[in-house]
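Q: Provided herewith is a single structure, encoded as structure tokens, for subsequent inquiry.
Since every read-out is calculated from the coordinates, none of them should be taken as a lab result. Computed from a prediction, not measured in an experiment: that's the story for all the values here. All Cβ positions, glycine included, derive from the backbone under ideal geometry; neighbour counts span all protein chains shown.
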Amino acid sequence: MKLVMMSAALSLGAGMAMAQDADLVKQGAYVARLGDCMACHTAPGGAPYAGGLPIKSDLGTIYATNITPDKEAGIGSYSEEDFAKAVRKGVTPDGTHLYPAMPYPSYAKMTDADIKALYAYIMQDVEPVAEKAPETHLGFPFNQRWGMALWNLAFSESVGFTPDPKLSDAENRGKYIVEGAGHCGSCHTPRGIGMQEKAYDNGSDDYLAGGDLNGWSVPSLRADADSGMGVAGWTDQEIVDYLAMGRNDKAAVGGEMTSVIEHSTSHMTDDDLASVAAYLKTMAPSGDLVSLKPAADAQATIDTLTAAKDLTNGERVYIDNCGACHFVTGKGGKDIFPELDGASIVNAPSATGLVHTILAGAKTPSVEKAPSVNLMPGFASRLSDQDVADLATFLRGAWTNNAGKVSTSDVASVRATLAQD
């Protein structure tokens, strides 16, 4: 009888351990989504997490590494301690310093529980791939990896997450995601002289104040406002919709953010998305803000486009190619055609993103809550550099928009990059 009871107890214990492991791996899979590991560590058409994605940076092209559990090509030989040190400090077991294209200054804020879960997921649920990713070869002096130790001393805070007692539990959860695993500052915070993020948390007005990524102006995420350009004029629900679906009733995703929506934010729970929106709404706008024109000024553009007489070339190109979707109001169609009046991409300091979108088009990702793909065609083969320059200049001054002119040389520079995308 004792043997039967002992056997039953052992079976129950083993079952509970397996259930705990499964829960840990499931949590790790979710943490991988929060950290957007897939986007950087998976090349187009490649195996998940096998690396090889070329990441353009001001230092040169950096290739993402293989982080599958293969012991030779990946990180299968890492202990959990090795893994935590690489993720949080950017140092591999052999002492090699990673480049900060890997956002370890942000990942340093991740909790021990999330690191443990992420390790369990990668080691137990990711398929090992025995092919090494291409080596990164940067020019001198950036090929001197030891120099990254000095960079870390000068520019990487590498500190854990500290909740803000002035924020609610939900806002602090959003703060943890945004500042930590979500590493939003990697793109949305301006860079300093050492190419470091100028701030890693909301203790500085520079944090999430907008930046520059490969020539594109990246918008500010500081959203504590009821109106204004881009996210500052969005409601909490509009922020949630954008992160969940890559679109809301005012905007549609484009550029580098498309893969973030596809691989990361569209997989977040409703509660986490709401927490992120709540946290962004605690930050007052800062930096060099673009002042839109008064709302009443929009009517002049509407009247001109409606009358369709004595149009400039930019206005004519708009009517012929853009008006059917974005209308004479520039307000587009809710959840389908984004607004152009007051859009951050239209009013950005650099027109590169706007010109790239006109030339190459854009499409939203297919995600669970929005499986249909909204497609804007590219006009590179249809419009000359002069037409695109005139159109972009018109857009940046139409309705309430208030940004500078675009030249044909600006357009030619962007067109020359299209073949490299």
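Q: Could you tally the net charge around Ala117, taking each other residue with its Cβ under 14 Å from the Cβ of Ala117, Lys/Arg +1 and Asp/Glu -1?
A: With Lys, Arg at +1 and Asp, Glu at -1, the net is -3.
Q: Here is a further query. Two decimals, Cα atoms only, Kirkwood Rh: what is Rg/Rh over the chain? Don't skip to the end; give the middle numbers.
A: Working: Rg = 23.8 Å, Rh = 23.3 Å.
For the chain, the value is 1.02.
Q: Let me spell out the model: positive unit charges on the Cβ of Lys and Arg, negative unit charges on the Cβ of Asp and Glu, origin at the Cα centre of segment 135-251. What dipole size does that give, in debye rounded to 20? It would help to have the intermediate numbers written out before the result.
A: On the way: 9 positive and 17 negative charges, 78 e Å.
With Lys and Arg at +1 and Asp and Glu at -1, about 380 debye.
Q: Putting +1 on Lys and Arg Cβ atoms and -1 on Asp and Glu Cβ atoms, find which of Ala199, Ala278, Ala232 reaches farthest to the positive end of the dipole of segment 134-281.
A: About the Cα centre, the residue reaching furthest to the positive side is Ala199.
Q: State the Kirkwood hydrodynamic radius of segment 212-336 in Å, one decimal place, computed from all pairs of distinct Cα atoms. Kindly include the intermediate steps, with their values, before the conclusion.
A: Values: mean 1/r = 0.0605 Å⁻¹.
Hydrodynamic radius (Kirkwood, Cα only) of segment 212-336 equals 16.5 Å.
Q: Longest span of the chain, sites excluded, free of GluC sites (Glu not before Pro) in DSSP loop with at most 16 other C-beta atoms within 10 Å?
A: Counting at most 16 other Cβ atoms within 10 Å as exposed, the longest clean stretch of the chain is 257-367.
Q: Based on alpha-carbon centroids, what's the gap between segment 319-342 and segment 98-156 in Å, whole number please?
A: Between the Cα centre of segment 319-342 and that of segment 98-156, the gap is 42 Å.
Q: Let me ask something else. For segment 187-259, just say rounded, prolate or oblate: build the C-alpha gyration tensor, square-root its eigenvalues into a ≥ b ≥ c, call rounded for a/c under 1.5, and beyond that prolate if a/b exceeds b/c, oblate if not. Working shown, then result.
A: Numbers: a/c = 2.36, a/b = 1.47, b/c = 1.60.
In terms of gyration-tensor shape, oblate.
Q: Then there is this: About its Cα centre, what dipole magnitude does the chain give when the only charges are +1 on Lys and Arg Cβ and -1 on Asp and Glu Cβ, stated in debye to the nearest 20?
A: Values: 32 positive and 52 negative charges, 59 e Å.
Charge dipole of the chain: 280 debye, to the nearest 20.
Q: Further question: May I ask you to list the trypsin sites (Lys or Arg not before Pro) in segment 236-310 that are in a DSSP loop and have at most 11 other Cβ atoms within 10 Å of their Cβ? Present the calculation step by step, with values, prior to reporting the outcome.
A: Working: sites: Arg247, Lys250, Lys281, Lys309; in loops: Lys250, Lys281, Lys309.
Answer in residue order: Lys309.
Q: For q values of 0.14, 0.17, 0.18 Å⁻¹, compute log₁₀ I(q)/I(0) with the Debye formula on a Cα-only model of segment 277-421, without solvent.
A: Log10 of I(q)/I(0), two decimals: -0.73, -1.04, -1.14.
Q: State the Cα centre-to-centre distance between segment 386-400 and segment 303-317 in whole Å.
A: Centre-to-centre distance over Cα atoms comes out at 12 Å.
Q: Let me make sure I get this right: for segment 65-129, a, b and c are the square roots of the gyration tensor eigenvalues over alpha carbons, sorted descending. Under 1.5 in a/c it's rounded, otherwise prolate if a/b > b/c, else oblate. Which is it?
A: Judged from the Cα gyration tensor, segment 65-129 comes out oblate (a/c at least 1.5, b/c at or above a/b).
Q: For segment 50-162, take every pair of Cα atoms, bin their distances at 5 Å starting from 0, and report each bin as a whole percent.
A: In whole percents, the pair-distance histogram is 2, 12, 19, 24, 22, 14, 6, 1.
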